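> Here it is, the structure in full.
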Amino acid sequence: MAEIIQEEKAGGKKKAKKHAPHIDMTPMVDLMCLLITFFMLTSALNKPKIMEIVLPEKQTDPNAAPPKIAAARTLNVILGPDNKIYIYHGVVKEEDYSNLPPLEETDYSPTGIRKMLLERNRALFKKIDDVSNQVLTGKLVISQDSLQAVKRQMKKDDGTGPIVLIKAYKKANYGNVVDILDEMNICGVAHYMLVDITWYEEKMVETAAGIPSTAVVAKK
Amino acid sequence: MPKIKLPTKSPHIDMTPMVDLFSVVLMFLMLTATMSPNDPATVDTPNSISEKPTPNFNTMTLLLSKDDRVFINFDNGEDTTLKFRPKILAEMGKRYNVEFTETELKEFEKFPSSMGVPMSKMKDFLATKDTKARALLETGIPIDSTDNQLADWILFTRQVNPNVQACIKGDSKTSYPVVKKVLDIMQEKNVKQFNLITNLDAVKINLAEIQK
């Protein structure tokens, strides 16, 4: 204290400073702006997600009989060119090769393939939805893991929903494949698999889409 | 007439709060930011409803670009003690009769992103420092049945690191035959479970919608 008083006396005419000295912060702000812009542009804020897929064992025996699937439950989904989906039900038998069933055309929109799948899969979807709702409203208290397990068990026990065979025509793209697999998840389809397209299905798509046929008839 | 005195100094604006705010934002961005990987080809991944985050380590990522080239990347996250990358390259070298020197293996270890170089050009690729010259060499990993290098990459990656998880990061415009070939190769090499990298696009549907 003593010192300060002394100073005041010695200072005489000097005005006491009221403000702290101003530092020019403009360059600092400039630099920070630049850094912020840099980090905002380079950083990936939302990490990409993953979708798990399990492929069946590679079939090594060419003479092995294909697995038996109930024809009434089979839904063939063919991913066509130009983001179109072609659908037919059931199985094409050998005697039908000259008279192939017509294809139903649809698309990846919510009113297209999703509506159709939900109609076919309503019973299972309702079951799954009920459980999810019970958990959401707090009627049923189980952990997230057991909820997943319950859903998986429901899918396993499902005996009425469609069995979807996903086939891709050669002009389809990767986005289509992911979209359709995603659609299976959304609709809670229990059984679906990615299978190779057959020559008659290629032919059916080509007829439906009006493109020149390149399908080669497989020899039996 | 009295003269009007013009202020000689520009008025000072107190920038302290602004600087404070900027610091906070900058700190936040610096701490949360994970650098987006510098892929050799821009890949626009499709969307899905899946909410599982991408694994950070023990991954083998196959990158499928729009122009149907295939790239591969082995990522072991923060863990650098195991040094998988040079081991895999050394194995590949043995298989394709290319001898890699210590420095070349080091260079491959440091290489930060996916690479799509056929083995015949690997030495040139590791020797060039120029990114543009490197990009020219990246013609994609051969996946033909006559020269199936991708299958060997997958095989050796799994030999060196048995815990590796396969991820596929494809552009939505990649044509299906390429995807099919890659999936077939995976299946042949007994990789049956793998992850497709997608962007999150949440969809909620309710029962009322279906009743219609």
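> If you go through the stretch B:48-68 one residue at a time, how many are part of a strand (DSSP E or B) and either buried (at least 19 other Cβ atoms within 10 Å of the Cβ) or of a type in the set (Gly, Ala, Ser) (or both)?
Residues in the stretch B:48-68 being part of a strand (DSSP E or B) and either buried (at least 19 other Cβ atoms within 10 Å of the Cβ) or of a type in the set (Gly, Ala, Ser) (or both): 7 in total.
> Counting only residues that are more than 7 Å from chain A (Cβ to nearest Cβ) and open to solvent by less than 50 Å² (accessible area, probe 1.4 Å), how many does the stretch B:187-201 have?
So the count comes out to 1.
> Take the stretch A:22-33 and flag every residue that is open to solvent by 60 Å² or more (accessible area, probe 1.4 Å) and either facing chain B (nearest Cβ under 10 Å) or modelled with pLDDT under 85 (or both).
Of everything in the stretch A:22-33, those that are open to solvent by 60 Å² or more (accessible area, probe 1.4 Å) and either facing chain B (nearest Cβ under 10 Å) or modelled with pLDDT under 85 (or both) turn out to be A:His22, A:Ile23, A:Asp24, A:Met28, A:Leu31.
Rundown of residues vs (1) modelled with pLDDT of 80 or more; (2) facing chain B (nearest Cβ under 10 Å), yes/no style:
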| residue | (1), (2) |
| --- | --- |
| A:Phe39 | yes, yes |
| A:Met51 | yes, yes |
| A:Pro62 | no, no |
| A:Tyr86 | yes, no |
| A:Tyr97 | no, no |
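> Considering only the stretch A:170-183, how many residues are more than 15 Å from the chain's Cα centre (by Cα), touching a residue at least 40 places away in the same chain (Cβ under 8 Å) and open to solvent by 10 Å² or more (accessible area, probe 1.4 Å)?
1
> Let me ask another. Please find, within the stretch A:136-176, the residue that is farthest from the other protein chains (Cβ to nearest Cβ) out of those that are of a type in the set (S, T, N, Q) and closer than 30 Å to B:Val179 by Cβ.
Top of the filtered list is A:Gln148.
> Same structure, new question: Can you give me the number of residues within the stretch B:69-96 that are away from chain A (no Cβ under 14 Å), at pLDDT below 85 and part of a loop (DSSP other than H, G, I, E, B)?
Residues in the stretch B:69-96 being away from chain A (no Cβ under 14 Å), at pLDDT below 85 and part of a loop (DSSP other than H, G, I, E, B): 7 in total.
> Still on this structure, I have one more. State yes or no: is B:Leu31 at pLDDT 80 or above and within 12 Å of chain A (Cβ to nearest Cβ)?
Spelling it out, B:Leu31 is indeed at pLDDT 80 or above and within 12 Å of chain A (Cβ to nearest Cβ).
> Taking the residues in the stretch B:1-22 that are open to solvent by 100 Å² or more (accessible area, probe 1.4 Å) and among the charged types (D, E, K, R) as candidates, determine which candidate is modelled with the lowest pLDDT.
B:Lys9
> On to the next question. Checking the structure you have, find out if any residue of the stretch B:151-167 is without any contact (Cβ under 8 Å) to a residue 60 or more places away in the chain, open to solvent by 70 Å² or more (accessible area, probe 1.4 Å) and not in a helix (DSSP H, G or I).
Checked against the condition, which is being without any contact (Cβ under 8 Å) to a residue 60 or more places away in the chain, open to solvent by 70 Å² or more (accessible area, probe 1.4 Å) and not in a helix (DSSP H, G or I), the stretch B:151-167 yields at least one hit.
> For A:Pro162, which of the numbered conditions (1) within 22 Å of the chain's Cα centre (by Cα); (2) over 30 Å from A:Asp96 (Cα atoms) fails to hold?
(2)
> Looking at this structure, is A:Tyr192 in a strand (DSSP E or B) and open to solvent by 20 Å² or more (accessible area, probe 1.4 Å)?
yes
> How about the stretch A:67-123: which strands (runs of 3 or more DSSP E) wholly inside it have at least 1 residues that are surrounded by fewer than 14 Cβ atoms within 10 Å (Cβ to Cβ) and under 18 Å from the mean Cα position of the chain (by Cα)?
In the stretch A:67-123, no matching strands (runs of 3 or more DSSP E) lie anywhere.
> Out of everything in the stretch A:128-148 that is open to solvent by less than 60 Å² (accessible area, probe 1.4 Å) and among the hydrophobic types (A, V, I, L, M, F, W, C), what residue ends up being nearest to A:Ala190 (Cα to Cα)?
It comes out as A:Ile128.
> A further question follows. Considering only residues that are under 20 Å from B:Pro177 (Cα atoms) and crowded, with 19+ Cβ neighbours inside 10 Å, which ones fall in the stretch B:116-141?
Within the stretch B:116-141, B:Gly116, B:Gly140, B:Ile141 qualify.
> Mind listing just one residue for me: the one in the stretch A:149-169 that is part of a loop (DSSP other than H, G, I, E, B) and touching a strand residue (DSSP E or B) at 6+ places or on another chain (Cβ under 8 Å) and, of those, surrounded by the fewest Cβ atoms within 10 Å (Cβ to Cβ)?
Applying the filter and picking the extreme gives A:Asp158.
The values are calculated or read from the model by the stated rules, or taken from the named source; none is laboratory data. It should be emphasised that the depicted structure is a prediction, and the values quoted were computed from it without experimental measurement. For neighbour counting, all protein chains shown are included, and Cβ atoms are generated from backbone atoms with ideal geometry for every residue, glycine included. With ligands, DNA and RNA removed, areas are computed over all heavy atoms of the protein, side chains included. Shrake-Rupley method; radii C 1.70, N 1.55, O 1.52, S 1.80 Å.
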